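Values in this text are rule-based calculations from the coordinates and carry no lab data. The shown structure was predicted, so the numbers you read here are calculated from the model rather than taken from an experiment. Here Cβ is always computed from backbone atoms with ideal geometry, including for glycine, and neighbour counts include all displayed protein chains.
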Amino acid sequence: MSFLKAPASPALLAFSAAPLAHLRSLDIAVIAIYFAMVIWIGFYLKGRSNTGEEFFMAGREMTAWIAGLSFVSANLGSLELMGWAGSAYQYGILATHWYWVGAIPAMLFLGLVMMPFYYVCKTHSVPGYLNLRYGEHARVLAAISFATEMILMSGVNMFAMAVVMKVVLGWSMTFSIVVSACAVTLYVALGGLRSAIFNEVLQFVLIWGGALLVPILGLIQAGGVDGLKRQIIANMHSDSYFHLWRDTAHFADNPMGVHWTGIVFGLGFAISFGYWCTDFLVVQRVLAAHNLRAARMAPIIGSFFKMAVPFIVILPGLLGLVLLQNPDGSRMQLIPQDTWKACVPMSSDCAPLLKQTSLSPAVQKDVLNQKEGPQSDLHSYNEVLPLMMVRYLGPGLLGLGITALIAGFMSGMAGNVSAFSTVWTYDLYKPLINKKGTDNHYVMVGRLSIVFGVLVSIGAGYLVQRSHGIMDYVQALFSIFIAPLLATILLGMFWKRATRIAGFLGLLSGIIFSASLFEWVHLYPAKLAYVALSPDAKPMAENVFRALWACLFTAIVIFVVSMFTKPRPVAELEGLVYGVTPLPKEEPVPFYKNVWLWATLAVCIFAALNILFW
Amino acid sequence: MHGSGIPIWFFIGVLLVTYGLMILGYGVYEWHTGSYPPLVELTNLHTPVWWGGLLTALGVLYVVKFRPGRVR
C-alpha cells in the first residue's frame, strides 16, 4: 500500500552488504513451524471453501473481532513495518500521522456510516458497488485499475521482501521468493478468503509477539521515555522529533516538509478515506462479517489496534536514533536509501549524496576510500527495525522477530491475491467473459486466478526491479487511483443526483488528472512547489496534496456532468444511496456492545494521543 | 471463527504454546549455562525466560478456552 508506506522502498536495498544477522537452528525451527502451520490451515479450510460465497466472501461468517484484526493485518505488511520505522528514524514522531490521523477517522467513518451501504447492497466488491450505482463502465474501469495494482504491488512487495531477507539474513532471493510465493498460493488457493483471513489474524498475533520486545527492551536501555527524549535532544539538537503538530504551521519548520493542511485534508481525508473506505483489499475483510453489527464493529475494533501499532513501528525508529552503535561504541548513523544504494556498492553518485548526510568527514572519507573501519559499515534508514531486533533478540526470539516480518509480508500478499481473485472473477471474468458459468466454475476460476496472479506477480516484480524507472510509477499507482475513487464513491453514496455517466467520467478524468500531476512533478521536480503550494515542500507533501487535488477535481467533474445529465429514478437507488435506503434495524444489544460507544472511546483516545504528542 | 470447525484462536494458542516452550526452554538453558549470545544486549534481563513464559501462559489460555468440542 504505497500510500500508507514510507517513500523509500527496501526493494532498493543493494545486494552486496554482509547479512545483519545469522540464524541458529532454533530460529530456523521457529520459522519452519510457522510455514507448516499456515499451509496446514489452508488444507484444513479447503473443505469449507467450496461455494463462491465461501471462497470469495469467507461464507460471510466472520465475527467482528476476526474481521477487525484481519482488516488491520492486511495493511500491516513487513515493508510497512520497516519503512515506517525508517521514517520515524528520519522524521521522528511525525511519521505517526500515517497511523493516527491518516487512519482512525476513516476507519470509524467506514464502520459507522459507509458499512451499512456496502453490506445492505450485498456487493462482492467495491467495483461491484460502482456497477450497482454507476453502471458497467465504472465497474470495469475500477476493476482493471484495481487488479493491475494488486498484481504489481504484490510482485514488487514479494521482490522487496526477498531483498530484505537477503540483506538481513543473507538468504538467496530465489529461495525467499519461491518459498513465500508457494506458501501464500497454497493457503489462499485452497481456503480462499477464509484462509487468508484466518492466517491474517494468526500473523497479526505473531507480528506483535515478535516485534513488541524491541521497544520494551529499548525503552529499558534508554532510561524510559524521559531518557529517550533527553538523549534524542542531545544527539539531534532538536525536540521536534516528539511533536506531531507543533511544527507543521510552515513547510520549512519540520523535517518532513509538510503543512498541517496537507496532513488534515490530504492525508486525513483524501488518502486515508480513499484507502480505508474504498480500497477493496481492506474493505473485503469487513464484508466477510457475519452480520451488519459485526461489519460495523470490525473497523472500530481495528482502530484501537491501529492506534497501538506506532509502539512497535515508530518507537523502535526513535530508539534507533540513540541506541544503535558502531562496533567501536560510537553512535551509528543511518543514511537515506538513495545514498546507501549509491555507495553499496560504490558508484559515482556516492560522494555528492554522502556529503548531504550527517556522517562526519572522516567517516565519509573511509566510505569513499572503501576502507574497512568501525563506522564505515553503512546502513539505511529502512534497516533500523532489523538492526534493533539483532541488538536485543537472541536465539529463538530473533527467529520469532524474523517470523513477524515474514508473517507481515505474507499477510499483505495474501490480501493482494485474495482481493485480486475476487475482482477478477466477479468484476471482469463474469461480466465480460463468461456470464453463464456455474458457481463451481467461478470458484475454479478464482483458484486458478490466485495461481496465475502469483506467477504474474513474480514476473512483474523482476521486471520492475530491472527497470528502476518503473518503480516510481508502480509505487504511485495507489496514490493515483485511490483519491478519484473516493470522490466517486462518496458522491454516489451520499448524493442521489450523481448520474451514471458522471460517475464514470469523474473517475476516469480524476485518474488521468492525478497521473498527470504525478508525471508533471516526476519530470520537473521544481513543480512540486505548485502542487504542494510551497517552495519548501518535500516529496511527502506532494503525495498528500496531489491526492487532495485529485479528489476535488473528480468531485467537480461528477457535479458538473451530473447537473447536465438525467439522474436515475430514486426507486433505483434504494440500497445504494443515503436518504433513500432503509437501513436494517439492529437488534438491541447490551450497552457495552454498542458501536457508537466504542467509536466514541476510539475518538477520545485518538484526541488524547494527538494532544499528548502535540 | 463463527460457525462450526476449529476456532482460529485455538490455532493461535497452539502456536503460542509451541513458541513459548521453545523460547522458554532455550532461556532456561542459557541462564543455567551462562552462555549468552555475543553482541546481544540486556542478556542480564533473561528475556527469553519471561517472554517465553508469557507466550506459553497466553497460549495455554487460548488452547483451553477455545479447544475444539468445548461448549460455549
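Structural remarks
- Ascending count of other beta-carbon atoms within 10 Å, so fewest first, for A:Ser73, A:Ser347: A:Ser347, A:Ser73
- Note on the protein assembly as shown: with charges restricted to the Cβ of Lys and Arg (+1) and Asp and Glu (-1), its dipole about the Cα centre is near 1580 debye.
- As a rough footprinting exposure proxy, the listed residues A:Asp226, A:Asp279, A:Asp366 were ranked by other beta carbons within 10 Å of their own, and the order from fewest upward is A:Asp226, A:Asp366, A:Asp279.
- Separation of alpha-carbon centers, segment A:230-298 and segment A:178-205, rounded to whole Å: 28
- Lys/Arg +1, Asp/Glu -1 at C-beta; chain A dipole; positive extreme among A:Tyr530, A:Met297, A:Ile220: A:Met297
- Isolated Cys in chain A, by beta carbon distance under 4.7 Å: A:Cys121, A:Cys182, A:Cys277, A:Cys551, A:Cys604
- Averaging the Cα positions of each part gives two centres, and for segment A:378-450 and segment A:55-132 these lie 15 Å apart.
- Put simply, the amide H of A:Gln325, placed in the peptide plane, has neighbours under 5 Å in A:Met332, leaving out anything fewer than 5 places away on its chain.
- Computed from Cα positions, the angle between helix A:173-211 and the longest principal axis of chain A comes to roughly 90 degrees.
- Rounded tilt (10° steps) of A:468-494 against the dominant C-alpha axis of chain A: 40
- Acute angle (nearest 10 degrees) that the helix A:439-466 long axis makes with the longest principal axis of chain A, alpha-carbon atoms: 30
- Projecting the Cα atoms of A:Gly408, A:Pro386, A:Ile335 onto the charge dipole of segment A:330-449, computed from C-beta unit charges around the Cα centre, puts A:Gly408 farthest toward the positive end.
- Chain A - percent relative contact order, Cα under 8 Å, separation 6 or more: 29
- The ranking of A:Met563, A:Met173, A:Met413 by Cβ neighbour count inside 10 Å, starting from the fewest, reads A:Met563, A:Met173, A:Met413.
- Our compactness index for the protein assembly as shown, the C-alpha radius of gyration over the empirical 2.2 N^0.38 Å, is 0.93.
- The H on the amide N of A:Gly396, modeled in the peptide plane, is under 5 Å from the matching H of A:Arg24, A:Asp27, each at least 5 residues off or on a different chain.
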